[in-house]
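The values are calculated or read from the model by the stated rules, or taken from the named source; none is laboratory data. Every value quoted in this text rests on a predicted model; they were computed, and no experiment measured them. Backbone-built Cβ (ideal geometry, glycine too); neighbour counts: all protein chains shown.
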Amino acid sequence: MGSYAELLRQLMAVETDDCVEWPHGKNPKGYGRTNKGFVHVQVLEARVGPRPDGAVAMHSCDNPPCLNYRHLSWGTAAENSAQMVERGRSTKALVCKNGHPFLPENTLWWGARRRCKICRSEWEASR
């Protein structure tokens, strides 16, 4: 078998709307990895262009080992978190006790505890 780089080049050249999965090393969450980092990030950089400042790689297919560039895009951490919540992929509580989403722009951190900014604002307005 050839190198991982050669395999990655071959898999990136596959033209399909189906998932194309990385068949080798993966992290505990199933994302493909090589010694150069996450495979889906390498694909985006090669097929779409450099990572914009602060951007994260997002899968439209919700399949971590997928490296089909048609299923990948650059987005913000907030967009990725919102997508995780919408699609039920988050393992943390998705909403506060009053139903507001725990998205980055709506979350206050006190130590290791999360608080809802909307609830906090409503509480402050009622005082």
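Numerical summary
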read-out: Residues within segment 13-58 that are under 30 Å from Val85 (Cβ atoms), touching a residue at least 40 places away in the same chain (Cβ under 8 Å) and out of contact with any Gly (no Cβ under 9 Å at 6 or more places or on another chain), tallied; value: 5
read-out: Residue in segment 89-105 that is of a type in the set (S, T, N, Q), within 29 Å of Ala46 (Cα to Cα), out of contact with any strand residue (DSSP E or B) (no Cβ under 9 Å at 6 or more places or on another chain) and free of Cβ contacts under 8 Å to residues at least 24 places away in the same chain present; value: yes
read-out: Ser73 surrounded by 13 or more Cβ atoms within 10 Å (Cβ to Cβ) and either in contact with a Ser or Thr (Cβ under 6 Å, 6 or more places away or on another chain) or at pLDDT below 80 (or both); value: no
read-out: Enumeration of residues in segment 5-40 that are at pLDDT 90 or above and in contact with a Lys or Arg (Cβ under 7 Å, 6 or more places away or on another chain); value: Asp17, Lys26, Asn27, Gly32, Arg33, Val39
read-out: Total residues in segment 2-53, condition part of a loop (DSSP other than H, G, I, E, B), farther than 18 Å from Gly75 by Cβ and among the β-branched types (Val, Ile, Thr); value: 3
